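Asker: Before anything else, here's the structure in question.
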Amino acid sequence: MLDELLILKKIKGGDIKAFEELFRRYYFPLCCYAAGITGQMEVAEEIVEELFYVLWKERECLQIFQSVKSYLYRATRNQSLQYCEHEEVRNRYRETVLTTSNPEQSTDPHQQMEYEELERFINGTLEKLPVRRRRIFEMHRLEGRKYVEIATQLSLSVKTVEAEMTKALRTLREEVEIYIHMK
């Protein structure tokens, strides 16, 4: 524990050697842990690499109140579970798309009109979002970019990208609920 606190203090001070030591000590065990949750070593490696990237980038403002090891494992667990939840949503969506007919090819004019109305409503809601939030949403959902890529391209922290996505999704969810209740 004392050794970890010393390493953390060095990392906060910008000591790259201390960071490399921490990376070497925990990278593989964290990858195995994440792979156990996600079922995919490649995904696990991405999760752990992003964790260490954020750790180094935000080292000066880190607030770790338990051991560094506990912090790393908890962060890895949270990111792995978040990945699994995201994959579950994507799979459900994919399944829904595959099992329902394409609304644009629907022969029912009423169904086609409802689809087009909902599409206009969602696009209108997206247009009302702040420019940065809308851009982040489009980069992630329409272009399929990862949070790290978006953060790098827009010169933002990964946490900012996550926060903006959360706000965008919350707004869309709330607006769609209002739209459904109006029907």
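The values are calculated or read from the model by the stated rules, or taken from the named source; none is laboratory data. Since the structure is predicted, the reported quantities are computational estimates derived from the model, not experimental observations. Positions of Cβ are generated from backbone atoms using ideal geometry, with glycine treated the same way; all protein chains shown enter the neighbour counts. Ligands, DNA and RNA are excluded from the accessible area calculation, which covers all protein heavy atoms including side chains. Shrake-Rupley method; radii C 1.70, N 1.55, O 1.52, S 1.80 Å.
Asker: Provide the gained length on full extension for the span M41 to Y179, in nm with one decimal, where the gain is 0.36 nm per separating residue minus the Cα-Cα distance.
Answerer: 45.5 nm
Asker: A follow-up question, please. Among C61, L169, F28, whose Cα lies farthest out toward the positive end of the dipole of region 19-170, if unit charges sit on the beta carbon of Lys, Arg (+1) and Asp, Glu (-1)?
Answerer: Looking along the dipole axis, the top candidate is C61.
Asker: Using Cα pairs closer than 8 Å and at least 6 residues apart in sequence, work out the relative contact order for region 16-167, in percent. Write down the numbers at each step before the final one.
Answerer: Numbers: 81 pairs, mean separation 23.2, N = 152.
Relative contact order, region 16-167: 15 percent.
Asker: Give me the percent of accessible area attributable to carbon and sulfur for region 1-98, probe 1.4 angstrom. Each step should come with its number before you reach the end.
Answerer: Working: 3510 of 6330 Å².
Roughly 55 percent of what the probe reaches on region 1-98 is carbon or sulfur.
Asker: If you roll a 1.4 Å probe over the heavy atoms of the protein chains, what accessible area per residue do you get for the chain, in Å²? Don't jump to the answer; show the numbers that get you there.
Answerer: Numbers: 12140 Å² over 183 residues.
Each residue of the chain exposes 66 Å² on average to a 1.4 Å probe.
Asker: Filter the chymotrypsin sites (Phe, Trp or Tyr not before Pro) in region 1-70 to those in DSSP coil with at most 16 other Cβ atoms within 10 Å of their Cβ, and list the result.
Answerer: Filter output for region 1-70: F65.
Asker: At what distance in nm do the modelled label points of K128 and Y53 sit from each other, each positioned 7 Å from its Cα along Cα→Cβ?
Answerer: 3.4
Asker: Multiplying the sequence separation of Y115 and C61 by 0.36 nm and subtracting their Cα-Cα distance, what value in nm do you get?
Answerer: Computed gain between Y115 and C61 is 14.8 nm.
Asker: Just list whichever of K10/K57; K9/K146; K10/K69; K9/K69 have alpha carbons separated by over 19 Å in the model shown.
Answerer: K9/K146
Asker: Still on this structure, I have one more. Leaving out ligands, DNA and RNA, and with a 1.4 Å probe, what % of the accessible surface on region 103-183 is carbon or sulfur?
Answerer: C and S atoms contribute 53 percent here.
Asker: Now a separate question. For R77 and K17, compute 0.36 nm times the residue count separating them, minus their Cα-Cα distance, and round to one decimal in nm.
Answerer: Gain on stretching R77 to K17: 19.0 nm.
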